[in-house]
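Asker: Questions regarding the structure given below will be posed in turn.
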Amino acid sequence: MPELPEVETVRRGLQPVMEGARFAKVDVHRGDLRWPLAQDFVKRLHGRTVTGLGRRAKYLLADLSSGDVLMMHLGMSGSFHVFEKRGAAALGRYYHERAKHVTHDHVVFHMSSGAIVTFNDPRRFGSMKIVPRANLDAEPLLRGLGPEPLGNEFDAAMLARACRGKKTSLKAALLDQRVVAGLGNIYVCEALHRALLSPKRMASTIASRSGAPNDRAERLVEAIKRVLTDAIKDGGSSLRDHKLTDGGLGMFQHHFRVYDREGQPCRTAGCGGIVKRIVQNGRSTFFCPTCQK
Ligand SMILES: [Zn+2]
């Protein structure tokens, strides 16, 4: 499943061809994505200009000249491709393999910029939905989401408040979208490793009893922001390359310090530990028991 840095990479790739451009034509080959596209989906896009392309958690939000917002989610296997005169460009490279067969091009945007943007999704867990901008705050898919991890609002004080008294593991707390929005399994593992905190540690231990942040909360927030920023930077360089992936494993893998590295040496300088895999809440956790306390 694409994580936040990948979605942000896609946003940055779509921005130059979608912002300021009009939907000249919209083709829907398959409307039964995670939810069926609305009956008026094409009508509400046709002729509208994209005034801005933003992101909230893992949703891309295209603001339209009509006052509507087109919400797009990549789901498990969704990807966007941009076809311009000079050829196709895949937006970002992914850790997970994705199919590129055209039979999975479910939605095709013909932009007035001349670019053709296709949404490809073999498993069809992705989604598109149009909502009035005025109703966005009440939108069930977004309501209740915690702060953006890269936003100013997200800091040690806020994270500590959210974890105060929590008896779940730190890992489970970070995966809780109400605590912080858009973090997934990979970057939670990576952030905990950078912060030298055990994923098994109780969430409440990053806060005092009154909810004030301690040194662990500071380290963790710093690590989350850094790991995401680094990954987005990597994604940006893959955009510049404009290379299509041939399936297989993508670039982020090479920068992982613990994720998917069971049995390999820890990358913390001077640690000498071995990365271990455990299962928490049904999902793999990779960590170093030697330096993550
Ligand atoms: Zn270690």
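Asker: Spit out the partnerless Cys residues in the chain, using Cβ distances under 4.7 Å as the pairing rule.
Answerer: Isolated Cys, the chain: 163, 189.
Asker: Starting from the Cα of residue 42, step 7 Å along the direction of its Cβ; do the same at residue 167; then give the gap between the two resulting points in nm.
Answerer: Result: 5.5 nm between the two label points.
Asker: Too long at a 27 Å Cα-Cα cut-off: which of 129/225; 167/225; 171/225; 25/225?
Answerer: 129/225; 25/225
Asker: Label 7 Å along Cα→Cβ of residue 24; segment 31-56 residues with amide nitrogen under 20 Å?
Answerer: Residues passing the 20 Å test: 42-52.
Asker: Can you give the helix-only mean residue ellipticity at 222 nm for the chain, where every DSSP H stretch with n ≥ 4 adds -39500 (n - 2.57) and the sum goes over all residues, rounded to the nearest 500 deg cm²/dmol?
Answerer: -7500 deg cm²/dmol
Asker: Further, regarding this structure: Over the chain, what relative contact order in percent results from Cα pairs under 8 Å that are six or more residues apart?
Answerer: RCO, the chain: 19 percent.
Asker: Now, a different point. Tell me, what % of the accessible area of the chain is carbon and sulfur with a 1.4 angstrom probe?
Answerer: Solvent-exposed carbon and sulfur of the chain make up 49 percent of the total.
Asker: Going by a ≥ b ≥ c, the root eigenvalues of the Cα gyration tensor, does segment 1-76 fall in the rounded group (a/c under 1.5), the prolate group (a/b larger than b/c) or the oblate group?
Answerer: Here segment 1-76 falls in the oblate category.
Asker: Kindly point out which whole DSSP H helices in the chain project their C-alpha atoms 15 angstrom or further along the helix axis while averaging a Kyte-Doolittle hydropathy of -1.0 or above.
Answerer: TM-like helix candidates: 4-18, 215-241.
Asker: Using only the alpha carbons of segment 91-224, determine the length spanned along each of the three principal axes and report them from longest to shortest in whole angstroms.
Answerer: Here the Cα extents, ordered largest to smallest, are 56, 37, 25 Å.
Asker: If you plug each phi of segment 20-36 into the Karplus form 6.51 cos²θ - 1.76 cosθ + 1.60 with θ = phi - 60°, what whole-Hz ³J(HN,Hα) values come out, in order, with x for Gly and Pro?
Answerer: Per-residue couplings from phi come out as x, 9, 9, 6, 6, 7, 10, 10, 10, 8, 9, x, 8, 7, 3, 10, x Hz.
Asker: Check each of the trypsin sites (Lys or Arg not before Pro) in segment 41-78 and keep only those in coil by DSSP with at most 14 other C-beta atoms within 10 angstrom; list them in order.
Answerer: Passing both the DSSP loop test and the Cβ count: no residue.
Asker: Viscosity 0.890 mPa s, temperature 25 °C: give me the Stokes-Einstein translational D for the chain in µm²/s, with Rh taken as the Kirkwood radius over C-alpha pairs.
Answerer: Stokes-Einstein gives a translational diffusion coefficient of 122 µm²/s.
Asker: Right, next: List the relative contact order of segment 149-208 as a percent without decimals, with contacts defined as Cα pairs under 8 Å and 6+ residues apart. Can you show the working numbers first?
Answerer: Details: 67 pairs, mean separation 28.4, N = 60.
Rounded, it is 47 percent for segment 149-208.
Asker: Read phi for every residue in segment 173-183 and hand back ³J(HN,Hα) as whole Hz from Karplus 6.51 cos²θ - 1.76 cosθ + 1.60, θ = phi - 60°, with x for Gly and Pro.
Answerer: 5, 6, 7, 6, 5, 7, 7, 8, 8, x, 7
Asker: Sticking with this structure for a sec: Tell me the label-point distance for the pair residue 278, residue 177, using the 7 Å Cα-to-Cβ offset, in nm and rounded to one decimal.
Answerer: 2.7
The values are calculated or read from the model by the stated rules, or taken from the named source; none is laboratory data. Just so it is clear, the structure is predicted and the values come from calculations on it, not from any experiment. Here the Cβ is made from the backbone with ideal geometry for all residues, glycine too, and neighbour counts use every protein chain on show. Note: areas computed on protein heavy atoms with side chains; ligands, DNA, RNA excluded. Shrake-Rupley method; radii C 1.70, N 1.55, O 1.52, S 1.80 Å.
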